Every structure is written in structure tokens, then in C-alpha cells.
Amino acid sequence: INPKIGVLVMSYGTPESMEDVEAYYTHIRRGHAPTPELLAELKGRYEAIVGGVFPLRENTNGQVAGLQDKLEQLAPGKYACYQGLKHAKPYIENGVEQMAADGIKQAVGIVLAPHYSTMSVGGYIKRAQEKAEELGVKMSFVKEYHMHPKLLQALTERVKDGLSGLAEQTGGMPAKVLFSAHSLPEKIRELGDPYERQLLETSAAVAKAAGATDWQFTWQSAGRTRDPWLGPDILETLPVLREEGVKAVLVAPVGFVSDHLEVLYDLDIEAKAAAKELDMTLDRIAMLNRDPLYMETLAESVTQAMARER
Ligand code: FEC
């Protein structure tokens, strides 16, 4: 028996290489291979971001290491972190198997995404829980941490920095803060899902703390399926803002915590180009990645979840 408490740190996962993109995409599509057109489009997006590397892998590795360091500081020798990815190896189930193989009997699961939805974080938790039950590991979970004061502080600093950077570029033009997150199929609304409410709570709290009175929320990165997705998408929001006279926009993708495809492509390339077309200046806040305040948010959320277990 291993006396340590396991911490299963779960993240989205990214391909290992360009050859691996098809298998990754097939996994996201629950076993349905993409058409050659869809595959080529996704590969093209990866190629367009910083030379076709997969930054999410390194960022997730860094976050897991950073969380382990913080937990060591809070409770030396008590916790051991394991990684489990939704759509790539090591899969969530592999992380639980590794904990069990190391003799871990009790664990906490946490997802590298602050807001709860049955379709996102709920899916990670379900997979971990099933494997843990099968292998006799007792698991509890952090469901959300979207209002953790340190997360809000880290995001607030970024919005303040982003606004001053934008003011320098535009010669002090008034700017709109556009909070964003990954869209989900509209059907989550029928399930009374907390995702939208939690995103608005984070956005309102950060806007208030940053002193940004002009802000709104928009969706991004909707999937390529036939279901209706939550909108409006940022690409629809920008022309409306332009009509309203807005010329400078700071995007704050508060639903994400790393530099990855949905930020580096969907915002930095696609949304930026759309803004340029409209003669608007668009900037984005820096992502959290391994920010110490984010690492503390995760570590404190884990220790609080354990305290509740006792
Ligand atoms: O950098 C990378 O390699 C990965 C970037 C990436 C992140 C991410 C986060 C979220 N997703 C969420 C929901 C969905 C739903 C579908 C879906 C599809 C994709 C595709 C790619 C992709 N997602 Fe993703 N997502 C990332 C990447 N996502 C690539 C497939 C091509 C496309 O549709 O664009 C639709 C699945 C289906 O077909 O049924 C739903 C949510 C998040 C944020 C929370 C989290 O991180 O888990 C929600 C990062």
C-alpha cells in the first residue's frame, strides 16, 4: 500500500505528431474517422500555429509539475500527481491504472478547466470514476474552481495588462473586453447545466476587479457538427461590435488555461484576421499556463477536496 494520496490531473490532450492527428481526431469524434477534408483542415490549423508543434503537451506537463511542487510545499510527501488525458495518451484510464499499480488507494481528480459542464468536466470525471471503482481506488473530485480568489486575481492582472498594452497600441482608444470560452451544443441548456452561469460569474468578477466597465461574453471554437452550438460565436460578435462603434477589443478566453490550438489558431489567427478586416484592433490576454497563482488555485482546490473527505 502506498500511503500517498494520488492526484489525477486531467487535461484535453493533443496529438504527438502530425501522423497522430487522424487518430486523435477519430478519438474526439468517438471512433468516427474524419473525412479527408476535415482532417486536412485540422492539420492545416496545427501547421499554422507556431510551426506545427503541439504546445498543449508541454504546457500540461508543466502544469502537472507545477502543481506537484505547490502540493509539496503545502503538505510535504503527502500527494503524488498523475496525468490523465481525455483524447491522447496517457488517457484518463491509464492515469488511474498507474495510480493503482503504484499502490495508491485514495485519490483526488482535478481537470485543467475551471468551469463545470456535464459535457466537459463531467465526462472526464465519469471516466476516471469508472476506472477507479474497477481498480479499487477511492476517488473524490474537484468539480469546478471558477471563483477561486487566486484564479480571479491571476485573470484580473492579465486583463489589466492587456488593456494597458492595447491602449499603447491604439493611442488610448476605449476598448471592450470580450470574455470567451469553448462553445458546447445548445442541448446542455435543457440539462440545467451550470457551464454558462459559471462562465458569466468568472467574467463579471474579473471585469469588476480589473475596473473594466465595458465587457461582454461570447463563445468560440464551436465544433463541426450538425447540432446547434451555443452562440454567438466571436466571429459573429466582432461585426456587431464594429457596428456599435467599438474599434479595440481585448479577448479574455477565461474557459481555457493554456496556450493551445483553440487560442493560438481560433483567436490569434482567425479572430485577429476577422478584426483586421473590420479595421479593429484585437489583442488577447496572456494564458495562465504555469502561473504561480493558478498552481496555487489547483493545489488549494485539491487540499480542500481532501479536507472535505475527512
Ligand atoms: O491544442 C490542442 O491540440 C487541443 C486544443 C483543444 C482544446 C479543446 C478544449 C475543449 N473542447 C471542448 C469541447 C469539444 C466538443 C467537440 C470538440 C472538438 C474538438 C476538435 C479539436 C478540439 N476540440 Fe475541443 N478542444 C481542442 C481541440 N471539442 C481539434 C475537433 C475538430 C473541431 O471540431 O474543431 C466536438 C466533438 C464532437 O464531434 O462531438 C464538444 C471543450 C473544451 C474546454 C474544456 C476542456 O479543456 O476540456 C468544452 C484545449
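One line per residue, one yes/no per condition, for (1) in contact (Cβ under 8 Å) with a residue 24 or more places away in the chain; (2) within 23 Å of Gly13 (Cα to Cα):
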residue: Ala212; (1), (2): yes, no
residue: Asp227; (1), (2): yes, no
residue: Pro239; (1), (2): yes, no
residue: Phe256; (1), (2): yes, yes
residue: Glu277; (1), (2): no, no
residue: Val302; (1), (2): yes, yes
Failed item, numbered, when Tyr79 is tested on (1) within 19 Å of the chain's Cα centre (by Cα); (2) crowded, with 21+ Cβ neighbours inside 10 Å: (1)
Do you know which residues across the stretch 1-19 are among the hydrophobic types (A, V, I, L, M, F, W, C) and part of a loop (DSSP other than H, G, I, E, B)? Ile1
It is to be established whether one or more residues within the stretch 35-50 are in contact with a Ser or Thr (Cβ under 8 Å, 6 or more places away or on another chain) and in contact (Cβ under 8 Å) with a residue 12 or more places away in the chain. no
Restricted to the stretch 262-287 and to residues being crowded, with 18+ Cβ neighbours inside 10 Å and part of a loop (DSSP other than H, G, I, E, B), the residue farthest from the ligand (Cβ to nearest atom) is Met280
Being within 25 Å of Leu42 (Cα to Cα), small (Gly, Ala, Ser) and modelled with pLDDT of 95 or more narrows it down to one of Ala212, Ala207, Ala175, Ala273, so name that one. Ala273
Residue check: is Val50 over 18 Å from Ser120 (Cβ atoms) and near the ligand (Cβ under 10 Å from one of its atoms)? no
Test result for Gly66, closer than 22 Å to Pro114 by Cβ, crowded, with 18+ Cβ neighbours inside 10 Å and in contact with a Lys or Arg (Cβ under 9 Å, 6 or more places away or on another chain): yes
Flagged pairs (Cβ under 6 angstrom, 6 or more apart or on separate chains; first in the stretch 109-128, closer than 15 Å to Leu199 by Cα; second more than 7 Å from the ligand (Cβ to nearest atom) and among the basic types (Lys, Arg)) are Tyr116/Lys143
Please specify each residue of the stretch 20-47 satisfying the condition of being more than 9 Å from the ligand (Cβ to nearest atom), out of contact with any helix residue (DSSP H, G or I) (no Cβ under 6 Å at 6 or more places or on another chain) and assigned to a helix (DSSP H, G or I). Asp20, Ala23, Thr26, His27, Pro36, Glu37, Ala40, Gly44, Glu47
Result of the Cβ filter at 9 Å on the stretch 65-86, keeping first residues that are more than 25 Å from Tyr12 (Cα to Cα) and partners that are assigned to a strand (DSSP E or B) and not hydroxyl-bearing (Ser, Thr, Tyr), at least 6 apart or interchain, is Ala75/Ile5; Gly77/Pro3; Gly77/Lys4; Lys78/Pro3; Lys78/Lys4; Lys78/Ile5
Going by the structure shown, is Ala222 under 29 Å from Gly66 (Cβ atoms) and out of contact with any helix residue (DSSP H, G or I) (no Cβ under 6 Å at 6 or more places or on another chain)? no
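The values are calculated or read from the model by the stated rules, or taken from the named source; none is laboratory data. Everything quoted here is computed from the prediction, not taken from an experiment. No Cβ is skipped: glycine too gets one built from the backbone with ideal geometry, and neighbour counts run over all protein chains shown.
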